[in-house]
Amino acid sequence: MKRDNIQGSRRISNYWWAVCILSGGLGFFLAGLSSYLNLDLLPFTQSSELLFIPQGIIMTFYGTIALVLSSFLWLTIIWDVGSGYNLFDIEKGIVIIFRLGFPGKNRIVQLRYPIGDIKSIKVRIQDGLTPKREIYLRTKDNREIPLNRIGEPLKLSDLEQKATELARLLGVVLEGI
């Protein structure tokens, strides 16, 4: 039995962007609100001296948009969207792909495939400005299910080793290398 854990949205980069967008959005929102109330809500600026129309209203608008975006990022981190595991159980002859999504009736995505229904392990490598290095589980009905985390490409050596190991474990061919 082999189990690969998949990291979801609880990555350092997501925390970084959520904090940056929250602090910037809060600053813009408070600056716009300060210009409306003629009261300095930010201690290190004199935002009350801004005219509400047009500067204050634009700052309030941008701040509101940033706060909404930051809320979405924080909720995605709290819910750990995208996390899960891949379970390859040779003894039972089954492969389980498990992922967490957004809350709701379809929050849990769990795919089960008998090993006999697996055609191959497919590797897709695309270099360039946005490189992609992905491993897919390819079924006999030509479905391609991603097995690694999307967004951060693996090193080529790690990708080859992981894909070869999976193909050998499942007794299927390796495509794309």
*Selection from the stretch 124-146 of residues that are touching an Asp or Glu at 6+ places or on another chain (Cβ under 7 Å) and in contact (Cβ under 8 Å) with a residue 24 or more places away in the chain*: Arg124, Arg138, Thr139
_Hits in the stretch 130-149 (condition: over 17 Å from Leu166 (Cβ atoms) and either more than 19 Å from the chain's Cα centre (by Cα) or at pLDDT 90 or above (or both))_ = Asp141, Asn142
*asked:* I'm trying to understand the selection: among the residues of the stretch 22-65, which are under 30 Å from Asn106 (Cα atoms) and crowded, with 17+ Cβ neighbours inside 10 Å?
replied: Leu22
*Qualifying residues in the stretch 17-49 (those that are outside any loop (DSSP other than H, G, I, E, B) and of a type in the set (Ser, Thr, Tyr)) - the one farthest from Phe72 (Cα to Cα)*: Ser48
*Filter the stretch 71-98 for residues that are surrounded by 14 or more Cβ atoms within 10 Å (Cβ to Cβ), more than 26 Å from Leu30 (Cα to Cα) and not aliphatic (A, V, I, L, M) and give the result.*
Trp79, Gly82, Ser83, Gly84, Asn86, Phe88, Phe98
*Inside the stretch 159-177, can you point out the residues that are out of contact with any strand residue (DSSP E or B) (no Cβ under 8 Å at 6 or more places or on another chain) and either aromatic (Phe, Trp, Tyr) or surrounded by 15 or more Cβ atoms within 10 Å (Cβ to Cβ) (or both)?*
none
*Being under 29 Å from Tyr15 (Cα atoms), assigned to a helix (DSSP H, G or I) and not β-branched (Val, Ile, Thr), is that true of even one residue in the stretch 78-99?*
yes
_So Val68 ticks every box in (1) assigned to a helix (DSSP H, G or I); (2) in contact with a helix residue (DSSP H, G or I) (Cβ under 9 Å, 6 or more places away or on another chain); (3) surrounded by 14 or more Cβ atoms within 10 Å (Cβ to Cβ) but one. Which box is left unticked?_
(3)
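The values are calculated or read from the model by the stated rules, or taken from the named source; none is laboratory data. Everything numeric here is computed off the predicted structure, so don't read it as measured data. We place every Cβ from the backbone using ideal geometry, glycine too, and count neighbours over all the protein chains shown.
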